[in-house]
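A short worksheet on the structure shown next.
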Amino acid sequence: MEEKKATNKMGIMPVHKLLLTMGIPMILSMMLQAVYNIVDSAFVSNMQGTGEAALNALTLAFPVQMLMVAIGIGTGVGMNALIAKSLGQQDYRKASRAAGNAVFLGILIYLVFLLFGIFGAGIYIRSQTANSQIAKMAVEYLQICCVISFGIVFFSIYEKLLQATGRSLYSTIAQICGAVVNMILDPIMIYGYLGLPAMGVRGAAYATVLGQIAALVLAVIFHLKYNREISNRLSNLKPSAKIIRQIYAIGLPAIIAQALMSVMTYGLNIIFVKIDETVVTAYGLYYKIQQFILFAAFGLRDAITPIVSFNHGMRSKKRIQEGIRYGMLYTMLIMAAGLFALEIFAQPFSAVFGLSGETQKLCIDAMRIVSLSFLFAGANIAFQGIFQALDAGLESLAVSVCRQCLFVLPVAWGFSQIAIHSSGNIWLIWFTFLIAEGLSALLSLGFMHRINKRTIAKIAE
């Protein structure tokens with residue numbers, strides 16, 4: 001009885017309080033996820049003699065790391081919403097089958113990245129650079145992250161399992177553990193302390209995957225101990241086409257939304273390198289810094305989705321509307337805080353990474369210009385979580401495609417042509433993101449109006 005009450009808090013606790021109770025641990029969890037990349041970058045950028053080249057190498061590998069996270073988290077988001085909705089309907093059998101099928105999918109996802117790490121990493125890296133030193137470091141880093149990627153893939157699933165049942169605090173504890181392990185191991189393995197050889201970028205990769213494995217181990221322990229509503233029978237691993245379809249009906253837009261970040265970064269790397277390699281380095285570093293803000297919005301979105309989905313399953317119109325209203329309000333507050341932080345502290349943030357004068361200036365320009373798009377970006381991220389919870393995956397997907405590809409790459413290419421022919425105007429390329437997020441926010445508002453009429457307005461009071 002006690003466990004049922006704990007689960008049903010998503011249907012009875014005041015929504016504004018529930019969003020904070022579930023959202024704050026998720027926000028911390030997502031922000032800590034950004035730690036893996038920013039900590040690696042901070043340490044490798046200060047490697048004697050090769051720091052800036054190493055930072056560039058990590059930038060080239062970064063889109064594949066984002067793709068791993070996108071597929072793992074997207075699968076977890078689909079499972080999360082399906083489990084939350086099933087628990088709202090008190091269908092515990094279906095919730096357990098959804099969890100088991102998600103673990104089965106995790107096995108397949110890991111095998112794909114294992115094979116890519118062995119056979120595809122070199123081809124992928126060389127498509128972005130002709131610099132042999134940078135390419136060698138990038139391939140070494142990426143191969144390790146892919147071959148030992150089971151930590152991040154399965155952590156993404158077990159993290160969402162804990163969040164789906166309202167136990168996001170435990171997923172955050174696991175994430176903190178992984179981040180701490182990564183931060184401790186980074187200097188030891190990169191620079192060669194405590195009797196270990198200096199491994200450079202390979203050390204950064206090993207520190208990252210070991211941190212991910214530590215987080216996974218804790219998440220599995222917490223799931224087995226606290227998620228009593230979910231059965232862990234091996235029979236639940238048996239794939240069900242119906243359940244997998246339901247997972248990806250919700251999760252595929254989330255996968256594509258985050259995978260498009262990889263596509264966007266890969267495309268921008270190719271566009272920016274035509275201007276200068278320093279632009280690629282500056283953009284890669286800025287992107288990892290802004291992840292702390294964007295990932296905070298993603299964390300709150302991941303609280304909005306199961307709350308709205310649970311109450312959609314309960315057919316509670318009032319709580320759905322409150323989930324949307326408070327979710328949007330809290331997201332705007334997060335993004336406003338991020339905007340002010342980057343505007344005020346752009347100079348000291350960039351100074352941590354030991355960049356050359358021109359690269360540092362480009363990075364500061366990026367922070368001060370791109371951060372102007374944060375309020376639009378926050379609205380788009382929140383709307384995507386709302387759309388997923390209300391079975392409007394296509395609308396969520398459309399927003400993702402626009403804000404991360406359709407409205408970005410052509411505009412970036414146009415600004416890059418100006419920069420190539422007029423080197424003093426390189427800073428103009430950063431306005432790409434303000435334009436893309438602003439246009440996408442208008443699209444999101446139109447979709448929300450349509451979804452409200454189609455779904456929410458038809459629910460009886």
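A few points about this structure:
- For the stretch 1-34, the candidate set comprises residues that are crowded, with 21+ Cβ neighbours inside 10 Å and not hydrophobic (A, V, I, L, M, F, W, C); within that set, the residue that is modelled with the lowest pLDDT is Thr7.
- Any chance Val39 is over 30 Å from His312 (Cα atoms), under 20 Å from the mean Cα position of the chain (by Cα), part of a helix (DSSP H, G or I) and without any contact (Cβ under 8 Å) to a residue 40 or more places away in the chain: no
- Test: residue in the stretch 215-222 that is within 23 Å of Val401 (Cα to Cα) and crowded, with 17+ Cβ neighbours inside 10 Å: no
- Test: residue in the stretch 45-54 that is farther than 22 Å from Gly117 by Cβ, modelled with pLDDT under 80, surrounded by 24 or more Cβ atoms within 10 Å (Cβ to Cβ) and in contact with a helix residue (DSSP H, G or I) (Cβ under 8 Å, 6 or more places away or on another chain): no
- Count of the stretch 424-442 residues, restricted to those that are under 16 Å from Arg368 (Cα atoms) and in contact (Cβ under 8 Å) with a residue 12 or more places away in the chain, is 11.
- Verdict on Arg315 being out of contact with any helix residue (DSSP H, G or I) (no Cβ under 7 Å at 6 or more places or on another chain), over 21 Å from Ile27 (Cβ atoms) and not in a helix (DSSP H, G or I): yes
- Selected residue [in a helix (DSSP H, G or I), of a type outside the set (A, V, I, L, M) and over 30 Å from Ala457 (Cβ atoms)] from Glu343, Glu322: Glu343
- Residue that is farthest from the chain's Cα centre (by Cα), among those in the stretch 245-259 that are closer than 21 Å to Asp302 by Cβ and at pLDDT 85 or above: Gln246
- Exclusive hit being under 18 Å from Trp430 (Cα atoms), part of a helix (DSSP H, G or I), in contact (Cβ under 8 Å) with a residue 24 or more places away in the chain and aliphatic (A, V, I, L, M), set Ile271, Ile250: Ile271
- Of the residues making up the stretch 223-236, those that are surrounded by fewer than 20 Cβ atoms within 10 Å (Cβ to Cβ) and in a helix (DSSP H, G or I) number 5.
- Unmet criterion (only one of (1) modelled with pLDDT of 85 or more; (2) surrounded by fewer than 23 Cβ atoms within 10 Å (Cβ to Cβ)) for Phe292: (1)
- Within the stretch 131-147, the set of residues being under 18 Å from Leu108 (Cα atoms) and within 19 Å of the chain's Cα centre (by Cα) comprises Cys145, Cys146.
- Applying the criterion of being assigned to a helix (DSSP H, G or I) and either of a type outside the set (Gly, Ala, Ser) or modelled with pLDDT of 95 or more (or both) to the residues of the stretch 83-99, the residue that is surrounded by the most Cβ atoms within 10 Å (Cβ to Cβ) is Ile83.
- Helices (runs of 4 or more DSSP H) fully within the stretch 123-197 that include at least 1 residues being hydroxyl-bearing (Ser, Thr, Tyr) and over 15 Å from Gln212 (Cα atoms): 132-147, 168-191.
The values are calculated or read from the model by the stated rules, or taken from the named source; none is laboratory data. Since we're looking at a predicted model, the values are computed, not measured. FYI the Cβ positions are ideal-geometry reconstructions off the backbone, even for glycines, and counts take in every protein chain you see.
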